[in-house]
Amino acid sequence: MTDHSPPDKRGLTWRMRPRTRKTWLFCHVVISVGWLGGAYTMLMMAIAARTSAGEPMRPAAYALMHLSDTVIMIPCALGTLITGLVTGLYGKWRVLHHWWVLDKLVLTVGATVFAYLYIAQTVKEALARTEADSAADIGFLEDGVIAGSAGMLMLLMTTTLLSTFKPWGRTRWGRRAQEARRPGAAPRPQDRARWRAVRGSNRV
C-alpha cells in the first residue's frame, strides 16, 4: 500500500551535513571576530588622532583607518553577512524562526550600511583634510569618526551577545514550523497544495 501522506515540510528543505555546517560556522565566527577586532582598532586610532599627543600622526592614523576600512571592515562585514545567511538558511536555527537570529541579521545589515555610508566617508574626508596640514581644524569630523567607530563596536558587541544568549524564543514562523513537525499535526492547505504539485511532477 502506497503512503500518499504529505511529507514533513522540513524534509523538503536542504540541510547541510554536520561537517559542512561546522565549516561554515567556523568561517562565520572567525570573520565576525575579525570584524569586531577591526572595529576596536578603528576606535583606538580615532581616539589617538583626537588627542593632542597624537596630533603629529593624525594623517597616518586616518590613513590606517582608511586602509583598515578597505581591507578589514568592509570585507569582514560582507563575509559575516554571507556566512551568517548560509548557516541561518541551511542550519538548524533558520533565519526567520528565532528572534535572536532575525535581530542579528537586521543589525548586521544595518552595521554594514552604516560602516560604508558614514564611517568610511567620514574617515576619507578627515584624511583628505589632514594630509596637507596635520594640525588642521577639521571640526566635527574628529568627534564624528570617534562616535561612528564607538557605535559600530557597540553594534557588533550586541550581535555577539545575541549569538551567545539567544534570547526571546521563536517567532511566529518558528512556532508554526514547530507545530507542523509535531506527530499527528494536520497539514496546512498550502502544504497539501505543494505536495500535490510534487506528486504531479513526479508522475510526469
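Some values worked out for this structure:
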quantity: Relative contact order for the range 14-169, counting Cα pairs under 8 Å that sit 6 or more residues apart, in percent; calculated: 33 percent
quantity: Alpha-carbon centroids, the range 106-149 and the range 13-62: separation in whole Å; calculated: 16 Å
quantity: Directionally averaged shadow of the range 14-169, computed from the convex hull of its alpha-carbon atoms, nm²; calculated: 9.4 nm²
quantity: GluC sites (Glu not before Pro) restricted to DSSP loop in the range 87-184 with at most 10 other C-beta within 10 Å; calculated: none
quantity: Residues 29, 145, 101, 106, sorted so that the one with the fewest Cβ neighbours within 10 Å comes first; calculated: 106, 29, 101, 145
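Bear in mind these aren't lab numbers, they're just calculated from the coordinates by the rules spelled out. What you see is a predicted model; the values in this text were computed from it and never measured. Note that we place each Cβ from the backbone using ideal geometry, even for glycine, and neighbour counts take in every protein chain shown.
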